[in-house]
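S.K.: Encoded as structure tokens, here's the structure I'll be asking about.
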Amino acid sequence: MRSKKLVIKDGNIIDPSSRTNCIGDLIIKNNLIIDVIPNSNQTYSDEYEIINAKNMIVSPGFIDAHTHLRDPGQEWKETISTGSKSAAKGGFTTITSMPNTIPALDNANIVNDLVNRSKTDAIVRILPIGSITIGQKGANLSPMNELAEAGVIGFSDDGNPVSDSNIMKQALTYSVDLDLPVINHAEDKKIVGKGLMNEGIVSNRLGLFGADSSAETVMIARDLILAENIGAKLHIPHISSSSSLHLLEIYKNMGLNVTAEVTPHHLTLNENWVYGKKGEVPDYIDNESYDTNAKVNPPLRTISDANDMAKGLSDGIIDIIATDHAPHSDIEKQCSFADAAHGINVLETAFSSVFDLYLKKSISMDRIIESLTSRPAEIFKLSKVGGLKKGYYADVVVIDPKAKWKVEQHKFLSKSSNTPLLDTNMNGKILITIYDGKVIYKDENYNV
């Protein structure tokens with residue numbers, strides 16, 4: 001049952017959309033925020049449910065612009081239900097559904113089915129992203145107008161880059177009238193070739209085929225040129241290399257309508273994690289030196305690349321953090337590195353991963369929260385979410401910045417647990433997630 005009135009009291013309210021960073025009370029009635037009271041000494045009657053947030057951070061609910069729910073078609077990895085519960089545990093109240101489902105989200109019937117099932121099966125808001133091409137095969141455009149009318153918030157063939165430049169040009173052209181971003185997987189497959197991880201010292205030492213980071217930069221360069229000529233909105237997913245960041249900065253300074261996202265793992269992990277020693281470089285190679293949970297696309301890059309991603313996010317060159325949550329079953333990861341699937345399970349560890357950047361003074365807490373809330377809401381034109389303003393939907397996260405916890409496989413709410421962070425100690429923890437005025441997640445150790 002939804003509480004009639006709810007007060008989140010004495011928390012450190014951080015809302016970049018209203019430039020709020022103060023101690024105060026947040027008042028919720030039904031599904032809306034009705035007031036924000038800074039420096040409050042107010043007492044409340046019994047008709048209010050009180051959440052004591054003293055020494056806690058109170059943030060807008062997080063928004064993930066890049067979530068793989070695997071539903072329909074690969075429900076053994078994740079479902080709408082388990083994916084939404086995983087999101088809630090990670091503080092996310094709005095997530096997307098990337099279109100690489102089976103079948104792909106390339107027509108209104110499939111999108112409508114996803115939307116309708118999300119209303120009954122999900123505990124968070126799920127927004128679909130439509131396929132750029134039919135079946136994500138890169139040959140023929142999907143009915144983009146039809147998909148827009150069905151409610152998609154952008155177009156992507158994620159995982160399958162649109163290699164045909166003319167098809168990409170057509171997609172960008174059609175997207176202009178729809179005023180929706182095109183999100184092309186930034187990878188030139190011919191440059192990557194047989195590459196399994198980032199090309200460099202680690203791949204050479206492990207004897208694995210390396211993927212040159214120029215594969216990302218070349219594809220981004222093509223898309224930037226096309227978007228500039230057409231005047232379209234381009235959103236670059238999971239940027240990972242310093243050269244790509246430099247190119248993005250150049251085009252942003254030219255005034256191009258381009259935005260970009262970075263994942264928690266490309267901010268905080270690097271190619272050394274493939275060694276299976278939590279980022280440490282071993283003296284010798286053994287069977288544990290090939291951590292398939294660290295196999296992801298784009299691959300984990302160098303320490304320098306990761307540091308540049310953090311600086312790019314802090315400076316605003318990179319706009320948002322997006323998880324690229326990619327759940328896989330055990331059988332798809334408990335195999336050879338060459339046979340393992342690409343992808344990391346991220347929703348439940350995302351905030352704590354990037355919180356370390358704050359602890360290291362690499363980025364401000366306001367900027368972290370902005371990149372998870374108000375900025376994605378702006379990019380994808382989401383109404384009344386991403387902020388803690390009067391009249392906004394009551395999507396709220398309460399975070400304990402002092403909490404320490406361990407990533408344990410049996411505690412995942414996701415169907416999968418494929419992350420190199422297993423058994424890693426983390427800082428900062430989501431305590432409560434509120435969606436549409438209702439508490440949908442509460443940490444087992446937190447007493448309201």
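S.K.: Which members of the stretch 121-138 meet the condition of being hydrophobic (A, V, I, L, M, F, W, C) and either part of a helix (DSSP H, G or I) or touching a strand residue (DSSP E or B) at 6+ places or on another chain (Cβ under 6 Å) (or both)? Steps first, please.
M.R.: Restricting attention to the stretch 121-138, the residues satisfying the condition of being hydrophobic (A, V, I, L, M, F, W, C) are 122-124, 126-127, 129, 132, 134.
Passing the criteria: ILE123, VAL124, ILE126, LEU127, ILE129, ILE132, ILE134.
A quick yes/no check of all residues on (1) charged (D, E, K, R); (2) within 23 Å of ASP71 (Cα to Cα):
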position	(1), (2)
PRO282	no, no
PRO298	no, yes
ARG301	yes, no
ILE317	no, no
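S.K.: Run SER40 past the list (1) closer than 20 Å to LYS384 by Cβ; (2) at pLDDT below 95; (3) surrounded by 18 or more Cβ atoms within 10 Å (Cβ to Cβ) and report the number of the one that doesn't hold.
M.R.: Failed condition: (1).
S.K.: Also, quick follow-up: Can you pull out the residues in the stretch 27-65 that are more than 26 Å from ILE126 (Cα to Cα) and either small (Gly, Ala, Ser) or in contact with a Cys (Cβ under 8 Å, 6 or more places away or on another chain) (or both)?
M.R.: Once the filter is applied, which keeps residues that are more than 26 Å from ILE126 (Cα to Cα) and either small (Gly, Ala, Ser) or in contact with a Cys (Cβ under 8 Å, 6 or more places away or on another chain) (or both), the stretch 27-65 yields PRO38, ASN39, SER40, SER45, ALA53.
S.K.: Among LYS252, LYS277, which is the only one that is charged (D, E, K, R), farther than 24 Å from ASN160 by Cβ and touching an Asp or Glu at 6+ places or on another chain (Cβ under 8 Å)?
M.R.: On the way: LYS252 fails: touching an Asp or Glu at 6+ places or on another chain (Cβ under 8 Å).
Checking each option against the conditions leaves just LYS277.
S.K.: Also, I was wondering about something else. Quick one: how many residues across the stretch 400-448 are outside any loop (DSSP other than H, G, I, E, B), without any contact (Cβ under 8 Å) to a residue 40 or more places away in the chain and more than 28 Å from LYS29 (Cβ to Cβ)?
M.R.: Residues flagged as outside any loop (DSSP other than H, G, I, E, B), without any contact (Cβ under 8 Å) to a residue 40 or more places away in the chain and more than 28 Å from LYS29 (Cβ to Cβ) within the stretch 400-448 amount to 7.
S.K.: Which one of these is surrounded by fewer than 23 Cβ atoms within 10 Å (Cβ to Cβ), of a type in the set (Ser, Thr, Tyr) and at pLDDT 95 or above: THR67, THR101? It would help to see each step written out before you state the result.
M.R.: Working: THR67 fails: surrounded by fewer than 23 Cβ atoms within 10 Å (Cβ to Cβ).
The match here is THR101.
S.K.: Quick one: is LEU357 modelled with pLDDT of 95 or more, assigned to a loop (DSSP other than H, G, I, E, B) and within 28 Å of LYS442 (Cβ to Cβ)?
M.R.: Numbers: modelled with pLDDT of 95 or more: yes; assigned to a loop (DSSP other than H, G, I, E, B): no; within 28 Å of LYS442 (Cβ to Cβ): yes.
No: the conditions fail for LEU357.
S.K.: Now, a different point. When the stretch 311-333 is examined, which residues are found to be loosely packed, with under 15 Cβ neighbours inside 10 Å and closer than 14 Å to PRO420 by Cβ?
M.R.: None; the set is empty.
S.K.: Restrict the check to the stretch 282-303 and report whether at least one residue is at positive phi and touching a residue at least 12 places away in the same chain (Cβ under 8 Å). Reasoning before the result, please.
M.R.: The initial filter retains those residues of the stretch 282-303 that are at positive phi, namely none.
The answer is no, given that none of the residues of the stretch 282-303 is at positive phi and touching a residue at least 12 places away in the same chain (Cβ under 8 Å).
Per-residue answers, yes or no, for (1) under 30 Å from LYS381 (Cβ atoms); (2) charged (D, E, K, R); (3) in contact with a strand residue (DSSP E or B) (Cβ under 7 Å, 6 or more places away or on another chain):
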{"site": "ASN41", "(1), (2), (3)": "no, no, no"}
{"site": "SER59", "(1), (2), (3)": "yes, no, yes"}
{"site": "ILE63", "(1), (2), (3)": "yes, no, yes"}
{"site": "HIS66", "(1), (2), (3)": "yes, no, yes"}
{"site": "GLU78", "(1), (2), (3)": "yes, yes, no"}
{"site": "LYS85", "(1), (2), (3)": "yes, yes, no"}
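S.K.: Do you know which of the residues in the stretch 108-142 that are closer than 28 Å to PHE62 by Cβ and among the polar types (S, T, N, Q) is surrounded by the fewest Cβ atoms within 10 Å (Cβ to Cβ)? Step through it out loud before you land on a result.
M.R.: First pass over the stretch 108-142, keeping only residues closer than 28 Å to PHE62 by Cβ: 110-132, 136.
Still in the running and among the polar types (S, T, N, Q): 112, 116, 118, 120, 131, 136.
Details: ASN112: 13, ASN116: 10, SER118: 23, THR120: 8, SER131: 31, GLN136: 23.
Checked the stretch 108-142; the qualifying residue surrounded by the fewest Cβ atoms within 10 Å (Cβ to Cβ) is THR120.
S.K.: Then there is this: Against the definition (within 14 Å of VAL354 (Cα to Cα), part of a strand (DSSP E or B), modelled with pLDDT of 95 or more and aliphatic (A, V, I, L, M)), how does ILE369 come out, yes or no? Walk me through how you get there before you give the answer.
M.R.: Values: within 14 Å of VAL354 (Cα to Cα): yes; part of a strand (DSSP E or B): no; modelled with pLDDT of 95 or more: yes; aliphatic (A, V, I, L, M): yes.
No.
S.K.: List pairs: first residue in the stretch 324-340 and on the phi < 0 side of the Ramachandran plot, second residue of a type outside the set (A, V, I, L, M) and part of a helix (DSSP H, G or I) anywhere in the structure, Cβ distance under 7 angstrom, at least six positions apart or on different chains.
M.R.: LYS333/THR292; LYS333/ASN293; CYS335/THR292; PHE337/THR292; ALA340/THR292; ALA340/GLU332
S.K.: Please specify each residue of the stretch 280-308 satisfying the condition of being surrounded by fewer than 18 Cβ atoms within 10 Å (Cβ to Cβ), within 22 Å of ASN425 (Cα to Cα) and either of a type in the set (Val, Ile, Thr) or at pLDDT 95 or above (or both).
M.R.: Applying the first criterion (surrounded by fewer than 18 Cβ atoms within 10 Å (Cβ to Cβ)) to the stretch 280-308 yields 280-289, 303-304, 307.
Those still in the list that are within 22 Å of ASN425 (Cα to Cα) too: 280-282, 288-289, 303, 307.
Of everything in the stretch 280-308, those that are surrounded by fewer than 18 Cβ atoms within 10 Å (Cβ to Cβ), within 22 Å of ASN425 (Cα to Cα) and either of a type in the set (Val, Ile, Thr) or at pLDDT 95 or above (or both) turn out to be GLU280, VAL281, PRO282, ILE303, ASN307.
The values are calculated or read from the model by the stated rules, or taken from the named source; none is laboratory data. Owing to the predicted nature of the structure, the values given are computational and were not obtained by experimental measurement. Quick reminder, even Gly has a Cβ in these numbers, built from the backbone with ideal geometry, and neighbours come from all protein chains shown.
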